[in-house]
Amino acid sequence: MPVLPSFLHRHRRKVATAIGVAAASYYFYRLVKSKFFEIGSQLSANLASRENLRRRFEQNQQDATLTVAALLSSLTDPIVSGLPVEVITDELQAKRGPVSRSSNTPSQSGDEVNTDTTSIASSTITIIDVDVETQQPRRTKKQLWNDLKIMAVTRAMSLIYAIALLVFFTRLQLNMLGRENYVKSVRAMAEGGDRKVEPDEGTMEDQLIRNEVNRRYLTFSWWLLTRGWVQIVSDVREATETVFESVTPRTELGFDDLRNLIMRVRELVDFKNENYLATLLPTTKEGEEFVLLSNPCSEWEFQATPTRELAMAPLLKALLDESKDLIESPNAKEVISGLVTEGFKLLLNSVQMKHFFIVYERAQDEDYTQQNIEELEEERKVRLANILAGITRQSHEMVVVDDRANAYLSAMNCLPELRNFSAIVYSNFAVDWRTMAA
């Protein structure tokens, strides 16, 4: 018998075992290799999906920032013109008359009024030329100063609230629509892969309806721009008149006194507004229909038909219902409060730097102890009339359209709570209002 066959016959069990082990090892190797490539492919897909999500989210936030800047003038112009601080300043200066430079004993009260009106006038960008006599009865200086006090404070605080709500609502709207667009793109990739799918007639019709629903939903920002700000100004003015009633333009205030007055006004406004749903959106069906009628789509852009209207109504309602739920949520209340806080912080810091900066300059002197600094803070008093000049100046800073030049817009857009809220809305894929409306 040949050697090799004899050897294999004698060790047939060992050979069979070795062959079995080798085959099993090869199969296991192929299995592990395929699993490894599968896991790697999944990781790559997940990383690509996350990067796509991150990129789209970041782009969405940039779009929201640009949208706020585009809408800012539409929101702030009516507030500024509705509270014409410059007109009252102009009238006060008209009452002032020529000042005699040769007089060595001018009236102290006259000096105060002249200085105050000059200070406020210097803070304005444009003096509006209005014939006050033909519009209303001539007011006394006391009445004018009281109106100036109320209007200057009301305008600055109303602008802070209005801008904060515009930033919040714009982020809410664009992140809701951005989330839906992201989900749609992921579904398209999953269904079609890299293949280019030609849309059929039904798909094109569905896309037209979706685009029109999105447009109609975005037009609801019109409510804040034309109706909501009116309520804001009304609430702020009422609170300002209550808090500042006993404070005259000649009242000397420390920084803590001013801050307490401003915060008291804010407390009254916030107490009256548990949430800002009625300011941001109409709360009745009639109000919603009024918004849509006030912002019709051009006939060449979209031709409405009964069938299309029937298809769009539940989709738009689902969007509005989710928006209202989010506005009434505790997270939204925290975000809006944070945005308003940023605005007031900037306002008070600016006034402090302008009128109370001497405290900081002396505080850096090593010769002054902590007790000396506290005494200086108590002693440093500024008349409200001078403070109004700084507040008026800040009102003009708030309405600058460029985000880079508008510290108020920049601070609000960078608020961490706002970004976190936007991420929650954008990543809430469990809510599909297309399905909800079906």
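The values are calculated or read from the model by the stated rules, or taken from the named source; none is laboratory data. Because the structure is predicted, anything quoted here is derived from the model rather than measured. Neighbour counts run over all protein chains shown; Cβ positions are idealised from the backbone, glycine included. In case anyone asks, the SASA skips ligands and DNA or RNA and just uses the protein heavy atoms, side chains included. Shrake-Rupley method; radii C 1.70, N 1.55, O 1.52, S 1.80 Å.
Taking amide H as placed 1.01 Å from N in the peptide plane, residue 253 has its amide H under 5 Å from the amide H of 382, 383, 384, each at least 5 places away in sequence or on another chain.
Model label sites at residue 138 and residue 401, defined 7 Å from Cα along the beta-carbon direction, differ in position by 4.1 nm. Note on residue 270/residue 54: beta-carbon distance plugged into 1/(1 + (r/R0)^6) with R0 of 45 Å gives a FRET efficiency of 0.80.
Do any of 149/345; 142/333; 333/381; 95/272; 285/345 go past 29 Å between their Cα atoms, and which? Please report the intermediate quantities before stating the final value.
Values: 149/345 20 Å; 142/333 39 Å; 333/381 35 Å; 95/272 38 Å; 285/345 38 Å.
Result: 142/333; 333/381; 95/272; 285/345 exceed 29 Å.
Each residue of the stretch 69-80 is assigned a 3J(HN,Hα), and the resulting list reads 4, 5, 8, 4, 4, 4, 7, 7, 4, x, 5, 5 Hz, derived from the Karplus form 6.51 cos²θ - 1.76 cosθ + 1.60 (θ = phi - 60°), x at Gly and Pro.
A 1.4 Å probe, protein heavy atoms only, puts the accessible area of residue 252 near 110 Å². When nucleic acids and ligands are ignored and a 1.4 Å probe is applied, residue 57 ends up with an accessible area of around 20 Å².
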